Each structure stands twice: as structure tokens, then as C-alpha cells.
Amino acid sequence: MQQLEHNVQKQIMVALSQHKCSVFRTNVGKVQTIDHRWFDTGLPQGFPDLMGFRWVDNQIFFIEVKSKTGKPRPDQIRFHEMLQSHNVIHGIARSVKDALMIVDGSLVGLGFDDYGSDLR
């Protein structure tokens, strides 16, 4: 049975926190409040699911969590391209192992190789 993306995300957050990293879940988009006002999170479309930094060197990282078969959306591809152009640690994690590999290896763009700008 395939794990839900949300469960994988929680496992990654726990593992990175135990791995001497601070990690934060990000929310993107708009929601309507109980009094019918719209609230915008302020983060741009395509912003990765998790962001954090390593305690050892304060290096920032971004993690896009996907299921085993999940594919990045065009706005996520564009955000990846921006991060890649600045050599920022980031990638797609489908497991705790992937997330640790991205963070420990200072990898830039892991998992985005199969998705090009043709998705725009």
C-alpha cells in the first residue's frame, strides 16, 4: 500500500529534526476564514512543502514531498529552476532516505531531472 504524501512529509520532518536540522512545513495558497475573508499565505505558487536549515553550517534547504508516483506541477518546476540557478539545496523526496540524501549531500535539484520546462 502506498503511503500518503502527508504521512511521508511528517516522517521526513521528524527525521530531519532528529538529524540536527530545523525544518518547517510551508503552506501555499488562499483560504477563506470563518468570517468569509480571504487569507493568502504570502508564499509564491510552487514553493516547496518543507524548508529548513542544517545546524552544522546554517545552510538552507527546500524539500518538495511527493508520493512514489507524484509529479511536480509546472509552478513547482519554475520554483526548482529558480533555486537551481542560485545553487540552493533542494529536491523531491519520496521518502526519509531521499530527504536525508538531499540535505546531507547538499544536492541541488534531486528528482527534478525527468521534468523539464516542457511542463509549463
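The values are calculated or read from the model by the stated rules, or taken from the named source; none is laboratory data. Computed from a predicted model, the values in this text were never measured in an experiment. Neighbour counts are summed over all protein chains in view; Cβ atoms, including those assigned to glycine, are modelled from backbone coordinates with ideal geometry.
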Open item on the list: Based on this model, can you work out whether Ser95 counts as of a type outside the set (Lys, Arg) and in contact (Cβ under 8 Å) with a residue 60 or more places away in the chain?
Closed with: yes
- [ ] With the condition kept exactly as written, say whether any residue in segment 22-30 is surrounded by 18 or more Cβ atoms within 10 Å (Cβ to Cβ) and aliphatic (A, V, I, L, M).
- [x] yes
Task: Subset of segment 43-96 (residues that are more than 20 Å from Asn27 (Cα to Cα), of a type in the set (A, V, I, L, M, F, W, C) and either modelled with pLDDT under 95 or in contact with a Cys (Cβ under 7 Å, 6 or more places away or on another chain) (or both)) - done: Trp55
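When only residues in segment 26-69 that are part of a loop (DSSP other than H, G, I, E, B), among the β-branched types (Val, Ile, Thr) and within 27 Å of Lys97 (Cα to Cα) count, which is farthest from the chain's Cα centre (by Cα)?
Ranking the qualifying residues of segment 26-69, first place goes to Val56.
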